[in-house]
1. Look at region A:150-180 and say how many of its residues are within 15 Å of the chain's Cα centre (by Cα), more than 17 Å from A:Arg116 (Cβ to Cβ) and within 13 Å of ligand 1 (Cβ to nearest atom).
2. Out of (1) closer than 20 Å to B:Leu27 by Cβ; (2) modelled with pLDDT of 90 or more; (3) within 16 Å of ligand 1 (Cβ to nearest atom); (4) of a type outside the set (Phe, Trp, Tyr), what's the single condition that is false for A:Met97?
3. For the list (1) over 20 Å from B:Leu27 (Cα atoms); (2) among the charged types (D, E, K, R); (3) modelled with pLDDT of 80 or more, I need the number of the one condition that A:Lys17 fails.
4. Quick check: is even one residue across region A:117-131 of a type outside the set (Phe, Trp, Tyr), over 30 Å from B:Leu27 (Cβ atoms) and more than 11 Å from ligand 1 (Cβ to nearest atom)?
5. For region B:74-114, give me the residue count where each residue is touching a helix residue (DSSP H, G or I) at 6+ places or on another chain (Cβ under 8 Å) and either among the aromatic types (Phe, Trp, Tyr) or surrounded by fewer than 16 Cβ atoms within 10 Å (Cβ to Cβ) (or both).
6. Please verify whether A:Ala176 is within 14 Å of another protein chain (Cβ to nearest Cβ) and not basic (Lys, Arg), treating the condition exactly as stated.
7. Go through region B:52-73 and give me each residue that's assigned to a strand (DSSP E or B) and either away from every other protein chain (no Cβ under 11 Å) or open to solvent by less than 10 Å² (accessible area, probe 1.4 Å) (or both).
Amino acid sequence: MASNVSSNDKSSMVSTKIVIAGGFGAGKTTLVGSVSEIPPVTTEAMMTEASEAHDDTSSTPTKITTTVAMDFGRITLDEKLIMYMFGTPGQARFWFMWDDIVRGAVGAVVVVDVRRLADSFAAVDYFENNPQVPYIVALNRFDGELGHTVDEIREALEIRPGIPIIDFDARDRRSAGSALTTLLEYALSHPTKEPALAG
Amino acid sequence: MNNRRRRGIRIRPYTFTGGRTRSRHPLMLQTLVSVADPGTAPPKNLLPESEQIHRLCREARSVAEISAELKIPVGVTQVLISDLADQELIYIHPTITGHSPSENQVLERALRGLERLFQ
Ligand SMILES: Nc1nc2c(ncn2[C@@H]2O[C@H](COP(=O)(O)OP(=O)(O)OP(=O)(O)O)[C@@H](O)[C@H]2O)c(=O)[nH]1
Ligand SMILES: [Mg+2]
């Protein structure tokens, strides 16, 4: 074979993705920026709103496209493995887009601003209802006090027992990195099945 | 019914792909793509957008990066990549979703990588 080692190496590269979710202004982009090797790319992604799985009238132009800001960062984990982090749009009206961002993710970190617990309820609820995506909750305390015990927060946000809840600082590289590490550990110890194989 | 609803400047990206807006290859935002043969120039008959993708993918790039860099909507980027893959001009790398136990070794590598970087 004439092909050299580097081209062989390149074709064996693989990638993976984790989702950074949470309410508006919770610190998602800050988290991505703290751990990413590139500045977070905020891209005006044009996404289709209609769900492909349920759309069997595909010949008619009923799909609605919307422009939303989604941001992502990248971590090269080893020479053949890249992990992307995708921040979901915080505004509730863009939630239909989450499915596109979440599809195929290894897991999700839900960032919670502890001063505004109610704002993160919808994000927690999304992942509580998507059991094929493992998730953890990361409490961003914005310099202040937690104000509640972790048990109180679990109860208030209806986070099921066993879901890790950590306390972190989205601005700090190591602290933000530990949120990703916690997620990967949790995902590895709680394997999920492909929806088609479930049951 | 009003057939002209929502038609406007956005129609063009979908027409230049021949009307197809679905890709047959599993292409997610994080999926990496690279040129099949890094030594070759893109063929002359490609659409300008496809040629740009071909040039960009001399290094493995994700769908999201290609879309952001070339300012092409994600869905259109996916179709163009899919067409290039059909012509065997580019290679679509496997995407690790963690849904299969066979991927656990890669997830372990991911965890070790994170620990190395952030501990
Ligand atoms: N003091 C303090 N400020 C923070 C912290 N985390 C984030 N911020 C600030 O809070 C603001 C919102 O943070 P972002 O990271 O943009 O939040 P986001 O979740 O991406 O917001 P949207 O994408 O708009 O929903 C920014 O001005 C950050 O600099 C923190 O831990 N402490
Ligand atoms: Mg943001």
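1. Final tally of qualifying residues: 2.
2. (2)
3. Against the list (1) over 20 Å from B:Leu27 (Cα atoms); (2) among the charged types (D, E, K, R); (3) modelled with pLDDT of 80 or more, A:Lys17 comes up short only on (1).
4. Within region A:117-131, one or more residues are of a type outside the set (Phe, Trp, Tyr), over 30 Å from B:Leu27 (Cβ atoms) and more than 11 Å from ligand 1 (Cβ to nearest atom).
5. Counting residues in region B:74-114 that are touching a helix residue (DSSP H, G or I) at 6+ places or on another chain (Cβ under 8 Å) and either among the aromatic types (Phe, Trp, Tyr) or surrounded by fewer than 16 Cβ atoms within 10 Å (Cβ to Cβ) (or both) gives 3.
6. yes
7. B:Ser62
The rows are residues; the columns are (1) open to solvent by 10 Å² or more (accessible area, probe 1.4 Å); (2) away from ligand 2 (no atom under 16 Å from the Cβ); (3) of a type outside the set (A, V, I, L, M).
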position: A:Thr76; (1), (2), (3): yes, yes, yes
position: A:Lys80; (1), (2), (3): yes, yes, yes
position: A:Gln91; (1), (2), (3): yes, no, yes
position: A:Phe94; (1), (2), (3): yes, no, yes
position: A:Arg103; (1), (2), (3): yes, yes, yes
position: A:Val112; (1), (2), (3): no, no, no
position: A:Leu117; (1), (2), (3): yes, yes, no
position: A:Asp143; (1), (2), (3): yes, yes, yes
position: A:Ile153; (1), (2), (3): no, yes, no
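The values are calculated or read from the model by the stated rules, or taken from the named source; none is laboratory data. Computed from a predicted structure; not experimentally measured. Here the Cβ is made from the backbone with ideal geometry for all residues, glycine too, and neighbour counts use every protein chain on show. What goes into the accessible areas is simple: the full protein's heavy atoms, side chains included, and nothing from ligands, DNA or RNA. Shrake-Rupley method; radii C 1.70, N 1.55, O 1.52, S 1.80 Å.
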